[in-house]
Amino acid sequence: MILANTEASGEELVADSHLLPAVAVGRKVGDLIREYARSEPNPTAALVFGGTVLDIKPSPVVAAFSSRGPNMVTPQILKPDVIGPGVNILAAWSEAIGPTGLAKDSRKTMFNIMSGTSMSCPHISGLAALIKAAHPEWSPSAIKSALMTTAYTQDNTNSTLRDAADGSLSNPWAHGAGHVDPQKALSPGLVYDISTEEYITFLCSLGYTVDHVKTIVKRPNITCSTKFKDPGELNYPSFSVLFGGKRVVRYTRELTNVGPARSIYKVTVNGPSTVGISVRPKTLVFRTVGEKKRYTVTFVAKRGTSPMAKPEFGSIVWGNAQNQVKSPVSFSWSL
């Protein structure tokens, strides 16, 4: 069997188990094979194992099935956060079912090649455990921040990560902060930490009732007496800026120094021509390990920008010779 993609799947090839000899091909090759089968009176084909192929370019790419932004539930929080390996992953498999999952498949195997967010999730979870082992005192938010701010957004051809859905360049609504980098995440320099209490304040700002919040956080003494004016005030490692009917959006963030004492960071901003971005202060000086410093970033939509303008993206980077602490930013003019 030759399983050819339609335009919807493009050129992304996912290794699936089959009950008969089979090969998967992308849409372009599939169209050529179909044309060959139509035009040749006696078409022939042979399936040959080509061995393991290394140094594939471009790599990595964002899987066509990968979950995409914008965040429709809480648009002030940029999603996704990060991406990780999730296509054609060799994974443990229960012998209670055959590799195809079909009732007629009586084969037994301890491993299978699987694709999905169910494969990227254990990769990221494993990295979180790795970072926790290296830094037992870090909170889940600190670990998440380390993975996000050290992620990369360039592939092995030095291009922006590509989207396997259509081959175009991807953006933070496809790759979030980028592809995780375990080595860099162990030493991020700075982290955006968030306490449990801050998350409760965030939930209270989303319009849930006090009873709803109590149910979620499993705490009886919730009153929601403190709320964020804007859910985007959560000390998140990324920014989702919604202008809507306003031209100015201002957020304050707090960074914690997990690198050496006497570390100095300077800010670099990148954004579309339709938005002015200013950060105060422009330099952060951390005298001790664990010290916290705040900064405020102001986003101003330039006059004349249409409310129907397409989404734009940028970044805010706190850097020195040792570390680049990068936050993606998305800009939307309408919900």
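The values are calculated or read from the model by the stated rules, or taken from the named source; none is laboratory data. Bear in mind the structure is a predicted one, so any value in this text is a computation, not a measurement. Every residue, glycine as well, gets a Cβ built from its backbone with ideal geometry; the counts of neighbours run over all protein chains shown. Ligands, DNA and RNA are excluded from the accessible area calculation, which covers all protein heavy atoms including side chains. Shrake-Rupley method; radii C 1.70, N 1.55, O 1.52, S 1.80 Å.
Taking only protein heavy atoms into account and a 1.4 Å probe, give the accessible area per residue of region 122-278 in Å².
Solvent-accessible surface per residue comes out at 48 Å².
Run the helix sum for the chain: -39,500 (n - 2.57) per DSSP H stretch of 4+ residues, divided by residue count, reported at 222 nm to the nearest 500 deg cm²/dmol.
Rounded to the nearest 500, the figure is -5500 deg cm²/dmol.
Expressed as a whole percentage, what fraction of the accessible surface of region 182-332 belongs to carbon and sulfur atoms when a 1.4 Å probe is rolled over the protein heavy atoms?
54
By its C-alpha gyration tensor, with a ≥ b ≥ c as the square roots of the eigenvalues, how is region 2-131 shaped: rounded for a/c under 1.5, else prolate for a/b larger than b/c, else oblate?
Here region 2-131 falls in the oblate category.
What list of ³J(HN,Hα) values in whole Hz, one per residue of region 252-262 in order, does the Karplus curve 6.51 cos²θ - 1.76 cosθ + 1.60 (θ = phi - 60°) give from phi, with Gly and Pro shown as x?
10, 10, 10, 10, 10, 7, 10, x, x, 5, 6
Of all beta bridges DSSP finds with both residues in the chain, what is the antiparallel percent, to the nearest 5?
80
Could you pull out every whole DSSP H run in the chain that spans at least 24 Å of Cα extent along its own axis and averages 0.5 or higher on the Kyte-Doolittle scale?
Long hydrophobic helices here: 117-134.
Determine the shape class of region 210-335: with a ≥ b ≥ c the square roots of the Cα gyration tensor eigenvalues, call it rounded for a/c under 1.5, and otherwise prolate if a/b is greater than b/c, oblate otherwise.
oblate
Considering only the other residues whose Cβ falls under 14 Å of the Cβ of residue 228, what net charge follows from Lys and Arg at +1 and Asp and Glu at -1?
For residues surrounding residue 228, the net value is -1.
Placing +1 at every Lys and Arg Cβ and -1 at every Asp and Glu Cβ, with all other atoms neutral, what dipole size does region 2-131 have around its Cα centre, in debye to the nearest 20?
It comes to approximately 140 debye.
Any aspartates and glutamates with Cα under 16 Å of the residue 227 Cα? List them, leaving off those in the same chain fewer than 8 positions away.
197, 198, 211
Past 21 Å, Cα to Cα: identify those pairs from 79/326; 214/293; 144/326, in the order given.
From 79/326; 214/293; 144/326, over 21 Å: 214/293.
Please say if the chain is rounded, prolate or oblate, where rounded means a/c under 1.5 for a ≥ b ≥ c the square roots of the C-alpha gyration tensor eigenvalues, and otherwise the choice is prolate for a/b larger than b/c and oblate otherwise?
Prolate, since a/c reaches 1.5 and a/b exceeds b/c.
Normalised by the number of residues in the chain, what is the relative contact order in percent for Cα pairs under 8 Å and 6+ residues apart?
Contact order relative to length: 16 percent.
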